[in-house]
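Worksheet: the structure to be examined is printed underneath.
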Amino acid sequence: MTIVTQAVEALVRRTAGLSDAEMGREWKWGAYDEEGLRFALLMTHHELRDLAARLAAMRDREPSQAERVLAQYHQAYRDMTAVLATVPTPDLDRAPAEGEWAVRAVCEHMLGAEYGFLRVCRIALDRHRAGKADEPAEADWDAASAPYIEARKAATKTFASATIEQIRDAFAAIHIRNLRELGDIADAEIDLASWFWDGPMPLRFRLHRFEEHLRQHTIQLDKTLVGIGRSPTEAHRLVRNIYNALADVEMEGVPADDLRAQVARTIVERVDAIVTS
């Protein structure tokens, strides 16, 4: 069964490269026949928003504070992946000006921070859950940090020659890990102390840093792409809306397999129709 995320990825692969002129190509959806091909993307956004609303109404419990913060982080992640979905591999190393970062350099910085933020949160959680509320000694910090540093090195080892698809996969791997390893933080734990270069700060602050850092550097990606002559097309903007709508669907834990499958089928059928039209 094709899941919604896979269906959206298929649609993006088919449409992200379409020109503004192609957006006006004939496309009909019921009585709507004047908007052109762009309406296929607008309707996908519409359907994902509706699916998210339906899933939210089916919850048997409200999310914890940590789950809500991580959902906000997931929104930022999906916005960032939407930008990367429009970047061809040859553009990864084109800097907008001398001394400025190319897309690859921005991505490497962002990816490294994902591992760093996870390390800070997990060390604090593990210590508190072991009954240790004090800041770790340097030797303890180094020992606890080692697995995260090694994982970050492994993820960035081949970054210099990675394709855009491999870079997106690297972000997906750490993002999924972050959601899994931090999603069980209870409301009673979210204001416990965590330690980093800026001193002790509550876990709540650290969790929000995931989103804010991605937002900050997604703007940098936007500016970099404009600087190398890759301003967003209409298709890019529509795809970005779709990814942001997808984020809400992905973060709803309600199974509702039939409902999800119905929307996925609709999107896949739309992709097939675009391919053959």
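Pairs of Cα atoms under 8 Å, at least six residues apart: use those to get the relative contact order of the chain, whole percent. Provide the component values of the computation, followed by the final result.
Values: 303 pairs, mean separation 117.7, N = 277.
Worked out over the chain, it gives 43 percent.
Taking a probe of 1.4 angstrom, what is the accessible area of MET58 in Å², to the nearest 10?
100 Å²
In Å and on Cα atoms, what radius of gyration and Dmax does the stretch 1-93 show?
16.7, 47
Which far-off residues, 5 or more places away or on another chain, put their amide H under 5 Å from the one on GLY36, with H placed in the peptide plane?
So GLY36 has HN proximity to TRP27.
Two-decimal Rg/Rh of the stretch 195-277 from alpha-carbon positions, Kirkwood Rh?
Across the stretch 195-277, the Cα-based Rg/Rh ratio is 1.13.
As an exercise, identify the GluC sites (Glu not before Pro) in the stretch 91-123 lying in DSSP coil whose Cβ has no more than 16 other Cβ atoms within 10 Å.
In loop regions of the stretch 91-123 (DSSP not H, G, I, E or B), the sparsely surrounded GluC sites (Glu not before Pro) are GLU98, GLU100.
Quick one: Debye curve from the alpha-carbon atoms of the chain only, equal weights, vacuum; give me log10 I(q)/I(0) at q = 0.13, 0.15 Å⁻¹ to two decimals.
-0.96, -1.18
Just round it to a whole percent: the fraction of Cα-Cα distances in the stretch 124-189 exceeding 13 Å.
Details: 1583 of 2145 pairs.
Across the stretch 124-189, Cα pairs with separations above 13 Å total 74 percent.
Run the quick spin-label model on ARG59 and HIS208: label points 7 Å from Cα toward the beta carbon, then report their separation in nm to one decimal.
Between ARG59 and HIS208, the label points sit 1.9 nm apart.
Averaging sequence separations of C-alpha pairs under 8 Å and six or more residues apart, then dividing by the length of the stretch 117-263, give the relative contact order as a whole percent.
In percent, rounded to a whole number, it is 27.
Using alpha-carbon pairs under 8 Å, 6+ residues apart, how would you state the relative contact order of the stretch 21-175 in percent?
Across the stretch 21-175, relative contact order equals 18 percent.
Can you give the accessible area of VAL239, probe radius 1.4 Å, in Å² rounded to 10?
0 Å²
Provide the net charge surrounding ARG237, with neighbours chosen by a C-beta distance below 11 Å and charges set as Lys +1, Arg +1, Asp -1, Glu -1.
0
Once you list every other residue whose beta carbon is under 11 Å from the beta carbon of GLU100, what net charge do they have if Lys and Arg are +1 and Asp and Glu are -1?
Result for the local shell: +1.
Tally Lys and Arg at +1 and Asp and Glu at -1 over the other residues with C-beta under 15 Å from the C-beta of SER194: what net charge comes out?
Spelling it out: positives minus negatives among the neighbours equals 0.
At 1.4 Å probe size, put SER19, SER145 in order of accessible surface, largest to smallest.
The ordering from most to least exposed comes out as SER19, SER145.
Roughly how many nanometres apart are two label points built 7 Å out from the Cα toward the Cβ at TRP197 and ALA154?
With each label point 7 Å from Cα toward Cβ, the separation is 2.5 nm.
Collect residues whose amide H, placed 1.01 Å from N in the peptide plane, falls under 5 Å from the amide H of SER194; neighbours closer than 5 in sequence don't count.
Distant-sequence amide H within range of SER194: MET201, LEU203.
Where the only charges are on Cβ atoms (+1 Lys, Arg; -1 Asp, Glu), what is the dipole of the chain about its Cα centre, to the nearest 20 debye?
Taking the Cα centre of the chain as origin, the dipole is about 260 debye.
The values are calculated or read from the model by the stated rules, or taken from the named source; none is laboratory data. What you see is a predicted model, and the numbers here were worked out from it, not measured in a lab. Cβ coordinates were reconstructed from backbone atoms using ideal geometry, including for glycine residues, and neighbour counts include every protein chain displayed. Protein only, heavy atoms only, side chains kept; ligands, DNA and RNA dropped before computing areas. Shrake-Rupley method; radii C 1.70, N 1.55, O 1.52, S 1.80 Å.
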